[in-house]
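Asks: Questions regarding the structure given below will be posed in turn.
The values are calculated or read from the model by the stated rules, or taken from the named source; none is laboratory data. Values in this document were obtained by computation on a predicted structure and should not be read as measured data. So basically every Cβ, Gly included, is an ideal-geometry build from the backbone, and we count neighbours across all protein chains shown.
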């Protein structure tokens with residue numbers, strides 16, 4: 001990873017690698033060292049699908065992650081199921097207590113997005129924000145956004 005970042009000049013703080021709870025459960029010394037090395041490089045590390053596996057809460061402390069991603073299965077029913085709402089609330093509070101950015105996965109409605117805002121969730125992913133894209137469509141969308149952000153050329157009187 002260090003060589004790739006060096007060769008490409010890609011800013012490591014803009015890169016985030018996602019690890020699922022099932023990967024963390026393996027808890028090998030090499031895995032912990034790899035995550036520590038990534039963090040030293042400045043790469044962000046997200047714990048994905050939080051709440052769906054058997055990971056211990058100690059992983060939040062041990063792996064020095066930067067982001068906690070709440071699984072879509074809880075987001076889908078948080079407005080109708082009190083248990084899922086409790087998990088979402090607790091996950092946001094827990095993530096923030098550890099200094100992590102919290103992302104809700106699978107946000108599909110404005111009601112979900114708005115409610116997550118009231119809970120203090122930092123970011124959202126899902127069809128409401130943007131549907132999945134193939135690589136070519138992603139590049140085209142990124143180029144379009146960059147064009148909108150460029151300042152217009154000003155005319156200069158001679």
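Asks: Name the residues in the range 80-90 that are more than 14 Å from residue 119 (Cα to Cα) and either outside any loop (DSSP other than H, G, I, E, B) or touching a strand residue (DSSP E or B) at 6+ places or on another chain (Cβ under 9 Å) (or both), would you?
Replies: Matches in the range 80-90: 82, 83.
Asks: So residue 82 passes all but one of these: (1) within 20 Å of residue 129 (Cβ to Cβ); (2) modelled with pLDDT of 95 or more. Which condition number does it fail?
Replies: (1)
Asks: If you don't mind, there's one more thing I want to ask. Report, ordered by the first and then the second residue, all pairs with beta carbons closer than 9 Å, sequence separation of six or more or different chains, a first member in the range 61-72 that is on the phi > 0 side of the Ramachandran plot, and a second member that is assigned to a helix (DSSP H, G or I).
Replies: Final answer for the pair search is 64/35; 64/36; 64/39.
Asks: Which of (1) touching a strand residue (DSSP E or B) at 6+ places or on another chain (Cβ under 9 Å); (2) modelled with pLDDT under 95 is the odd one out, the single condition residue 158 does not satisfy?
Replies: (1)
Asks: Sticking with this one: Return the total of residues in the range 130-155 being modelled with pLDDT of 90 or more and not in a helix (DSSP H, G or I).
Replies: Selection size over the range 130-155: 1.
Asks: If residue 87 satisfies all but one of (1) farther than 20 Å from residue 18 by Cα; (2) modelled with pLDDT of 95 or more, what's the number of the condition it fails?
Replies: Failed condition: (2).
Asks: Sticking with this structure for a sec: If you go through the range 91-116, how many residues are modelled with pLDDT of 95 or more, assigned to a helix (DSSP H, G or I) and farther than 21 Å from residue 132 by Cβ?
Replies: 6
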